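Everything on this sheet refers to the single structure shown next.
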Amino acid sequence: MLNEPTLEKLKALRLDALAAAWLEQQKKPEVGKLGFDERLGLLVDAEWLARENARFRRMHKEAKLKYPEACVEDVDYSAKRELEKAVIRQLATCGWVAEHHNIAIVGAAGTGKSWIGCALAQQAMRRGYRAVYRRAPRFFDHEIVLAHADGTYGNLLSRIARIDVLILDDWALAAASERERRDLLEILEDRQGLRSTIITSQLPTDRWHAHVGDPMLADAICDRFLSRAHRIALKGPSRRPPLARDGEKK
C-alpha cells in the first residue's frame with residue numbers, strides 16, 4: 001500500500017500523533033467529504049495537541065507541586081476564608097506572570113496557602129510557563145547548603161533564575177540565618193522584573209521586615225518582592241481534617 005511508506009516517513013519525522021490521526025481519518029467515510037485544507041487542519045491540530053499535552057506533562061513533572069491536582073476551578077470561596085473570587089479570577093489570567101509580578105499568600109496553619117499557591121502555578125503551566133515548587137525550610141537548610149558545599153551554588157541560582165514561577169512554601173517558620181537572608185536576596189535579585197515568585201507564610205507581610213532581622217537586608221528583600229506583589233490573606237479555621245478519636249472513622 002502507498003500508505004505504508006508515508007506512515008514510515010511520518011514516524012521518522014516524529015509526527016506520530018499526525019500519523020495516528022491520518023489512519024483514523026481513513027476509517028471514517030464522512031471525513032472523505034471534507035476538503036483537503038480541512039483534513040490537513042485536523043491532522044495538524046492532532047499533532048499540535050499531542051505535543052502540547054506532552055510538554056505539559058514534562059512541566060508538571062519538573063514542577064513537583066505539593067498538590068499536583070490543585071486548580072483554580074476548585075478554589076473554595078466560603079465566607080470564612082474571606083477570599084475574593086474576583087482576585088483569583090484576575091490572577092487566573094496569568095497577567096501577573098507576563099508582567100513578572102509576585103504573589104504573597106499568608107494565613108494561619110492549615111488555611112490552604114500551599115494549595116492556592118499550587119493552583120496558581122498549575123494555571124501558569126497551562127499557559128505555557130514553567131513552575132517549580134520548593135518548601136522553603138528544606139530548600140534553604142538543605143538544597144542550598146549542599147550547593148554551597150559542593151560548589152554548585154552558582155549553577156543552582158542560574159537554574160532557579162530561569163523558572164517562570166518559583167513557589168517558596170512555608171517561609172519564615174523559624175528565625176532566618178545570615179546565610180538564608182543572603183541566599184533569598186540573591187534569588188529575588190535574579191528574578192526581579194524578569195520572573196515571578198510565590199511566597200506562602202504564616203507571618204503577615206507587615207512582619208516580614210522584622211523577621212529578616214538585618215535592616216539593610218530586610219529593606220532589600222522586602223523591596224524586591226513586596227513592591228511587585230499581589231497579596232492574599234487567608235482567614236478561617238484549619239482545613240486539615242482532624243485526627244479521628246479511638247473508635248471513630250478517619
What angle, in degrees between 0 and 90 and rounded to the nearest 10, separates the Cα long axis of helix 16-26 from the longest principal axis of the Cα atoms of the chain? 40 degrees
What is the distance, in nm, between label points placed 7 Å from the Cα along the Cα-to-Cβ direction at His60 and at Asp45? 2.2 nm
How much length is gained if the chain between Gln90 and Asn53 is pulled fully straight, taking 0.36 nm per residue apart and subtracting their Cα-Cα distance, in nm to one decimal? 10.8 nm
Express in nm, to one decimal, how much length is gained between Arg240 and Lys27 on full extension, taking 0.36 nm for each residue of separation and deducting their alpha carbon distance. 71.6 nm
Separation of alpha-carbon centers, the range 13-46 and the range 86-161, rounded to whole Å: 40 Å
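Taking a ≥ b ≥ c as the square roots of the eigenvalues of the Cα gyration tensor of the range 71-155, is the shape rounded (a/c under 1.5), prolate (a/b larger than b/c) or oblate?
Working: a/c = 3.01, a/b = 1.67, b/c = 1.80.
Oblate, because a/c is 1.5 or more while a/b does not exceed b/c.
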Gyration tensor verdict on the range 5-72 (Cα atoms; rounded if a/c is under 1.5, prolate if a/b is larger than b/c, oblate otherwise): prolate
With respect to the cross-link table entries Lys85/Lys235; Lys64/Lys235; Lys113/Lys235, which display a Cα-Cα separation exceeding 21 Å? Lys64/Lys235
Label-point separation in nm, Asp214 to Cys71, each point 7 Å along Cα→Cβ: 4.4 nm
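Between rounded, prolate and oblate, where does the range 64-234 land on the alpha carbon gyration tensor, with a ≥ b ≥ c its root eigenvalues, rounded for a/c under 1.5, else prolate if a/b exceeds b/c?
In terms of gyration-tensor shape, prolate.
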I need the calculated FRET efficiency for the pair Phe36 and Glu4, taking r as the beta carbon distance and R₀ as 22 Å, to the nearest 0.05. 0.55
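Each value in this text was obtained by applying a stated rule to the coordinates, not by laboratory testing. What you see is a predicted model, and the numbers here were worked out from it, not measured in a lab. As a convention, Cβ positions derive from the backbone with ideal geometry for all residues, glycine included, and neighbour counts pool all protein chains shown.
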